[in-house]
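First comes the structure, then the notes that go with it.
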Amino acid sequence: MLLHDESPHAVETRENAFLVKTYARTPFHPRDGKGARLIDANGREYWDLLGGIAVNVLGHKHPRLMKAMRDATLLHVSNLHYHPAQGILAEELVRASGLNRAFFCNSGTEANEAAIKFARLATKKTKLVALEESFHGRTMGALSLTGHDAYRAPFEPLIDGVTFVAPNDIDALEAAVDANTAAIFLEPVMGEGGIIPLHEDYLIAARRIADRHGAMLVLDEIQCGLGRTGSLFAFQQSGISPDLVTLAKPLGGGLPLGAVLTGAALEGAIKPGHHGTTFGGNPVACRLGAVVLEETQKLLPRIQELGAWFANEAKRLPVVDVRGSGLMWGLELDRPAAPVARELLDRGFVVGTARERVLRLLPPYVVPKKALVEFIETLSVVLSAAKEDPSPSARLRMTPGHKEIAA
């Protein structure tokens, strides 16, 4: 039996006994939420500036998402048959992106696995080019494209024929792509790599290089897409048209849903039997996806406005660098980010990290400016206090993020 009021200690004890430990959990127990707020097991409220790692773009308990779940009739329909939600969401994604078709799966890593297969199928080539410090997933194909040794090394040998080049280095990309390259895989903004935007001229060059060699240009927008950077698709800001786009995270409104959007170069290449999925395109997740897409498009002006404001305000923080746009930000620190993230949690702010020294912000698109104002004020205090006195006793007890005094 699952009990909503089970104590944090009981939850941790059971997980430690029975779960495979693939995550180093933070001792934080969210049990409820509304909008951009999370509420823990003790009733304490926090500003959610991580959004389930870019998933909860409409916040918690969005009324339209809740209604879509209540109105659902079938939880699952085999992909051997039809249900209306898949086609509706596919049409909306295709029309919004300018691509041709959509394939639905369950996650971002599955979307990238499918994109590898589709690119190889269309080009009859096998070599792949990706970026150093990129992240494309944890299954064997997607992991083979992930340019971070700590993720790859325990599972090598991975698939052959992957070359990694430095981000934003056009000459290196030119040298890596040749007549045997099936695809170039890029994240327009590298998320796990530390929120590193690819320059517009680099993306334009990648399109040109792919065309010259008959390779597919695949853009992984799993974290940076669907409104996160201020446009519905991040690639739209550079004016290029990719051959494939991979999506996930916010697409299912909190339920597992990934997608691959395919362009004209893929038409006719993929036939029945070439790929498949039991659960992909689930009718409930697709219903939620249609809501997410519609609501996100309404929120784009707000995302742009908040992003421009945040970019200006963050300049006064005592940090090494501020990177990002819209509601996707990386704050590079002069120290490890994990202790700072824990301190922020103590003070009522849920944030993420990327690599060793980057605080990562991926808040819901409905986040109030008040939350970001309080975050900037609090982070400034945390970083300044740590310089003056790094001891735990220096931490303040009353914080803007909480509605009560932190324990």
Give Ala122, Ala96, Ala85, Ala41 a once-over and let me know the one that is more than 22 Å from the chain's Cα centre (by Cα) and surrounded by fewer than 20 Cβ atoms within 10 Å (Cβ to Cβ).
Ala41
Quick check on this structure: which one of Ala314, Ala338 is surrounded by fewer than 16 Cβ atoms within 10 Å (Cβ to Cβ) and more than 18 Å from the chain's Cα centre (by Cα)?
Ala338
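Only one residue in Leu379, Leu344, Leu306, Leu359 is not polar (S, T, N, Q) and not in a helix (DSSP H, G or I). Which one?
Working: Leu379 fails: not in a helix (DSSP H, G or I); Leu344 fails: not in a helix (DSSP H, G or I); Leu306 fails: not in a helix (DSSP H, G or I).
The conditions single out Leu359.
Within region 190-215, which residues are closer than 21 Å to Gly263 by Cα and not basic (Lys, Arg)?
Taking region 190-215 and keeping what is closer than 21 Å to Gly263 by Cα, we get 200, 202-215.
Matches in region 190-215: Glu200, Tyr202, Leu203, Ile204, Ala205, Ala206, Ile209, Ala210, Asp211, His213, Gly214, Ala215.
Enumerate the helices (runs of 4 or more DSSP H) found wholly within region 91-164, keeping only those where 2 or more residues are touching a residue at least 60 places away in the same chain (Cβ under 8 Å) and out of contact with any Leu (no Cβ under 6 Å at 6 or more places or on another chain).
Values: elements: 108-123, 140-144, 149-152.
Filter on region 91-164 gives 108-123.
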Odd one out for Met190, checked against (1) in contact (Cβ under 8 Å) with a residue 24 or more places away in the chain; (2) closer than 25 Å to Arg323 by Cβ; (3) in contact with a Gly (Cβ under 8 Å, 6 or more places away or on another chain); (4) buried (at least 24 other Cβ atoms within 10 Å of the Cβ):
(3)
Can you name every residue in region 278-298 that is over 15 Å from Leu89 (Cβ atoms) and either hydroxyl-bearing (Ser, Thr, Tyr) or crowded, with 18+ Cβ neighbours inside 10 Å (or both)?
Thr278
Going by the structure shown, is Lys67 part of a strand (DSSP E or B), exposed (fewer than 15 other Cβ atoms within 10 Å of the Cβ), on the phi < 0 side of the Ramachandran plot and not aromatic (Phe, Trp, Tyr)?
no
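Just the residues that are closer than 22 Å to Phe375 by Cβ and either more than 19 Å from the chain's Cα centre (by Cα) or in a strand (DSSP E or B) (or both), please, taken from region 49-64.
Initial filter on region 49-64 (closer than 22 Å to Phe375 by Cβ): 49-62.
Listed by number, the residues that qualify are His60, Lys61, His62.
A short reminder: the numbers here are calculations on the coordinates, not readings from a lab. Please read all numbers here as calculations on a predicted model, not as lab measurements. We place every Cβ from the backbone using ideal geometry, glycine too, and count neighbours over all the protein chains shown.
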